[in-house]
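Structure first, then comments.
The values are calculated or read from the model by the stated rules, or taken from the named source; none is laboratory data. Since we're looking at a predicted model, the values are computed, not measured. Ideal geometry is used to build each Cβ from the backbone, glycine not excepted, and the neighbour counts take in all protein chains shown.
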Amino acid sequence: MTTLSAEQSRAIAKLYSDLARTLSDYRFAHWAELSRRQRGEIESHEWTLLTYSSNMTTHAIRLGVADAGNALAGITRATKKLTAAARKLANVRRAVAVATAAVALGAAIASGHALAIGEAVSKAMSVADG
Amino acid sequence: MRRRAVARPSPRAQATRLTLVLVLLAGAGCTSPAAVKRYSVAAALVTARLPDASAALGASCRRTQSYRLRRASTAWYSGDSVVAACAGRDSALRDVGRANRALAAYFAALGRLAGAKAGEMDATLSALGDAAAEAGHFGKPQGNAVTALATFAAARAAHGYRRAKLREAVGEQNANVQIVISVLHDILDRDFARYLRDDETALTAFYRAALAESGTREPLAAILVRDSYDERQEELTRRVEAVGALDRALLVAGRGHQRLYDARDQLGAKELLGSIVSTARELDIAIAKIDKAF
């Protein structure tokens, strides 16, 4: 397992925090257009993203990958793209897709598993690209 | 006849009195380690504020987690659920507390050395370094620095001091002081700030959802909810300011120690005395800001 530096972990934590905040802004901006179930789904993802942000701040991220630099670059790129996508969501389906992809990526990072991270990064990039 | 109890002056009052003495000494051109003592008192007061900030961060986490649990379900939740959800942050705060305790013990030991006083041995100090070395955001150099400060403080507390050792102490420990202050600065400036920002996001989401869901149906309740939100928001803002002030104060303490180090061969020089008194005053102002925020 490669342990990311505190600085690197903090950078990813900040991206997750921003993502949670952006989704929250979307939920309230489109409150009337969303069904109760959709609001609940997005909100649940927001709480999970905030938990990831807090955990990444507290504990340095550990990745079970051969090339930690490459994995970190992929995670950073995918999270940034998801945040950018969350800032210009066209509809609720896309909001849920972005939130779900972010949560899946966060879970993969928490697991530190190379294959899971690779798949989650690819999925996140694909969702962010729309 | 019973004697009337005499109130002990507060640490800040003592510090102010010491400043006056120092200014008089500087005017008279005396050489004195009193500047180091004045600095140590002020720096120790800064480290004494960090536990308050940590406690506030812990309380903030528990409140945020209670919001999460309340939004997830209307079912009753136990306090254990909240404590368990904050275990990670609490653990990180304990690590910070250990590093800060070593720093505080060092400043206290330095102050006693400057005052040529012996102190009491704190047997738990030596364990601080080992604990810090195992902490997530403390690498080996940071853990070693905590160990060195704690060991220094424990040894000096046991054996007492000689003024002649002051220069040696400042020279030996400056690098460790700078490392520990640097890691505490990173944690306060980034991690504590991140925690509070995330807590603010959670707070806003919680109250805003409550208002959006029932605000129009129950306008009076909505007013109370909004008032409650405003109070919590103000409290969080004060905590952010307090953490910022504490961070800045620690950096001033670090710069002050660096000045002592740079001038360690002339610890009684008039220029140094003036500079350290000015640092101590800066620290007093920062402490007042922290106290106001809490």
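Some values worked out for this structure:
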item: Meets criteria (part of a helix (DSSP H, G or I), more than 23 Å from B:A209 (Cβ to Cβ) and away from chain A (no Cβ under 14 Å)) for B:V83; result: yes
item: Residue in segment B:217-237 that is modelled with pLDDT under 90 and charged (D, E, K, R) present; result: yes
item: Selection from segment A:25-37 of residues that are more than 10 Å from chain B (Cβ to nearest Cβ) and over 16 Å from the mean Cα position of the chain (by Cα); result: A:A29, A:H30, A:E33, A:L34, A:S35, A:R37
item: Sole exception among (1) in contact (Cβ under 8 Å) with a residue 12 or more places away in the chain; (2) surrounded by 21 or more Cβ atoms within 10 Å (Cβ to Cβ); (3) hydroxyl-bearing (S, T, Y) for A:T48, by number; result: (2)
item: Filter pass, A:A124 being more than 10 Å from chain B (Cβ to nearest Cβ) and surrounded by 20 or more Cβ atoms within 10 Å (Cβ to Cβ); result: yes
item: Exclusive hit being of a type in the set (K, R), out of contact with any Cys (no Cβ under 9 Å at 6 or more places or on another chain) and more than 10 Å from chain A (Cβ to nearest Cβ), set B:R208, B:R194, B:R217, B:R190; result: B:R217
item: Top-ranked residue of segment B:52-68 - restricted to ones that are touching a residue at least 60 places away in the same chain (Cβ under 8 Å) and of a type outside the set (S, T, N, Q), ranked as surrounded by the most Cβ atoms within 10 Å (Cβ to Cβ); result: B:C61
item: Any hit, segment A:48-64, residues being closer than 24 Å to B:R68 by Cβ, more than 9 Å from chain B (Cβ to nearest Cβ) and part of a loop (DSSP other than H, G, I, E, B); result: yes
item: Residue in segment A:83-101 that is under 19 Å from B:A72 (Cα atoms), modelled with pLDDT of 95 or more and within 14 Å of chain B (Cβ to nearest Cβ) present; result: yes
item: Sole residue being assigned to a helix (DSSP H, G or I) and buried (at least 17 other Cβ atoms within 10 Å of the Cβ), chosen from A:A84, A:A95; result: A:A95
item: Total residues in segment A:1-24, condition surrounded by fewer than 16 Cβ atoms within 10 Å (Cβ to Cβ) and either modelled with pLDDT of 95 or more or at the interface with chain B (Cβ under 10 Å from one of its Cβ atoms) (or both); result: 2
